[in-house]
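*Asks:* Okay, handing you the structure first.
The values are calculated or read from the model by the stated rules, or taken from the named source; none is laboratory data. Just so it is clear, the structure is predicted and the values come from calculations on it, not from any experiment. With ideal geometry, Cβ positions are generated from the backbone for all residues, glycine too; neighbour counts draw on all protein chains shown.
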Amino acid sequence: MNQNDVERIAQATLRELGVAGAVVTVTPETRPGEWRVDIQGGTGPGRLRIRCGQGSTAQWVRQQIFDQYAAQS
């Protein structure tokens, strides 16, 4: 899974959570398969950390975003 995939999934998932219009920036972390998702313009957390590697599904990334966003809101 590459940076564009993670960004696309994050934006779609945040829309589902009602965070429309937020600016999402996805940045790779130092360890392979780890991503930092910065969210500007939402009322929830401003940063999430996602883990996904080769063979990870969009559903796995989506679930991590849901879980972290719900836990921090």
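*Asks:* Quick one: what pairs do we get from region 6-22, first residue farther than 10 Å from ILE65 by Cα, second part of a helix (DSSP H, G or I) and β-branched (Val, Ile, Thr), C-beta under 8 Å, 6+ apart or different chains?
*Replies:* VAL6/VAL61
*Asks:* Restricting attention to region 63-72, and to residues there that are within 13 Å of TRP35 (Cβ to Cβ) and of a type outside the set (Val, Ile, Thr), which single residue is surrounded by the fewest Cβ atoms within 10 Å (Cβ to Cβ)?
*Replies:* So the residue we want is GLN68.
*Asks:* Pick out, from the chain, the strands (runs of 3 or more DSSP E) lying fully within it that include 3 or more residues that are of a type outside the set (Lys, Arg).
*Replies:* Qualifying strands (runs of 3 or more DSSP E): 23-28, 34-40.
*Asks:* Would you mind stating whether SER56 is among the hydroxyl-bearing types (Ser, Thr, Tyr), within 15 Å of VAL6 (Cβ to Cβ) and at pLDDT below 95?
*Replies:* yes
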